[in-house]
Amino acid sequence: MLTLRKPLAFLKKDFLMEVSYRFSFVLQFASIFFSVVMFYFVAKLVGDAPSVQSSLSEYGGNYFSFVLIGIAFSNFLSVGLGSFSTNIRSEQMIGTLEAMLVTPTRLSNIVLSSSQWSFAFTSLRVGVYLLIGGLFFGVSFSGAAILPALLALILTVVAFSSLGIISASFIMVFKRGDPIAFALSTSSTLLGGVYYPISILPDWLQGLSYLFPITYSLRAIRLSLLQGAGFSEVGGDLVSLVIFSLITLPISLVCFRYAVSRAKRDGSLAYY
Amino acid sequence: MAEVVLETHNLTKEFIRRKGLSSPRNPFERTLFAAVKNINLKVQSGEIFGLLGPNGAGKTTLTKMLCTLILPSSGSATVCGYDLARQQGKVKSKIALISSEERSFYWRLTGRQNLDFFAALHGLSKEVANQRIEEVLEVVDMTAAADRRFQEYSTGMKQRMGLARGLLADPELFFMDEPTKGLDPIATWQLHEFIRNKLAAAGKTVIVATHHLAEAEQICDRVGIMYGGEMRTSGPVKDLTGDASLADFFRDLVEQTMVESTET
């Protein structure tokens, strides 16, 4: 249990901090509801068009179900890309980072553990998205294949987190103006199939879509949850996510190590 | 002879200063600024050692190096028997840093919740942490206020929580960086009593970085005076000052150093 003590301590600390702002905590769930309602009515407007149903035939033809999964699971993109750097910067600004660094806990553990709550809370938010969609707006997950979707989600988190750690390394050295998270976040949202299928993009943009892990992630999750696709049907997407992680994870670790060493040499670890 | 708890050999820290836009002709020109130069220091177990110097003398930089927060540029040090460069984790398990920085706590959490979190970071199990938290709260007389949010504490109470956090892992060596900054005279006196009667009496070693000479005179066994990043002199207060006060000695030393700097 000692090995889980530190991660659980971070989780508890962040949970207590989050719920101490009660109004903000409740407001986040209200915003989810309004977001779902908004896309429900957008889907009512455009969802019956033959071109839309044709573009979404792979996913069952229903735009609302398609976009619900997109907006829900793209939260993991934001968290994966931004949470590491955001949390480090937050600890720097609060002033607690130095106090943590003087303890025997390694900085890598601090960075990883600091993001647990973000991922846990995002998982809760995603659950709320799907629950609202299912309970109030008729989205059916009756034939969902949970295990492939779960594996796709785990691989997604690893892939995005690697990019997030590179982003955090940038923040640790330069303190602000991280270009990585911004570029990846906007490009992924534009090209990754969050709000519309990538099949409607021009051919040359479709090619670019395949550079982003969210493209594979959303396709696998949508096919699993909406069409009950098993491992064999989404295996290609899962392999792509594994390859992406195998490339970015080592790079992220190297970047992080360099950033920590550079910040310690500069004496700027706790500065923002 | 008492064990040597801290020993440094020519410990140096140089920072790169870039001119940037303040020098449009050479914005990328870099100069090296030595914040700490060739510090050779020995502190023995159970000592209260005062690190004195004006603002900018290098006290905080030296303290941060010895706490592993900043990498030295050159030189070496051993802290509680561990090499500062190669055994940082072991060093951290033996030390505590207590500063006047109120912002090093989570203000939305209670004192107890803060201590519980940092106890976990020190590797204390839940059971040991719970016991230790009660012990340290009692030592710093914060038991009654432990379940109030940190943001509700007075400055003195926040400083006492800093002490409590420092005591959690029962370290051998305490680094205190301007610990009485912002404290009223009573709180200052209480802190001095705590350092003498609770820490030093228990055999702990304390290094206090301060520019309050009266404070150093009151509580320190030995002092080291830093100026311009260098250790100008060190030793027992009375051996250094003779019949003069530490303030007079310090002023004379600084004036002498400034004259020497002008001549060179």
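Odds and ends about this structure:
- Only listed residue being assigned to a helix (DSSP H, G or I) and surrounded by fewer than 21 Cβ atoms within 10 Å (Cβ to Cβ), chosen from A:Leu27, A:Leu68, A:Leu77: A:Leu27
- Residue match in region A:13-34 (condition: in contact (Cβ under 8 Å) with a residue 40 or more places away in the chain and among the small types (Gly, Ala, Ser)): no
- Lone qualifier among A:Arg22, A:Arg106, A:Arg89 - being out of contact with any helix residue (DSSP H, G or I) (no Cβ under 7 Å at 6 or more places or on another chain) and more than 9 Å from chain B (Cβ to nearest Cβ): A:Arg22
- Close pairs (6 angstrom Cβ cut-off, 6 or more residues apart or separate chains): facing chain B (nearest Cβ under 9 Å) in region A:260-271, at pLDDT 85 or above and part of a helix (DSSP H, G or I) anywhere: A:Leu269/A:Ala263; A:Ala270/A:Gln92; A:Ala270/A:Leu97; A:Ala270/A:Glu98
- For region A:227-255, filtered to residues that are in a helix (DSSP H, G or I) and over 20 Å from the mean Cα position of the chain (by Cα), the residue that is nearest to A:Ala168 (Cα to Cα) is A:Cys255.
- Neighbours by Cβ (under 8 Å, 6+ apart or cross-chain): first from region A:196-212, within 20 Å of A:Ala72 (Cα to Cα); second assigned to a loop (DSSP other than H, G, I, E, B) and modelled with pLDDT of 90 or more: A:Pro197/A:Leu56; A:Ile198/A:Gly192; A:Ser209/A:Gly192; A:Ser209/A:Gly193; A:Ser209/A:Leu201; A:Phe212/A:Gly192
The values are calculated or read from the model by the stated rules, or taken from the named source; none is laboratory data. Keep in mind that what you see is a predicted model, and the values were worked out from it rather than measured. Glycine gets a Cβ as well: all are built from the backbone with ideal geometry, and neighbour counts include every protein chain shown.
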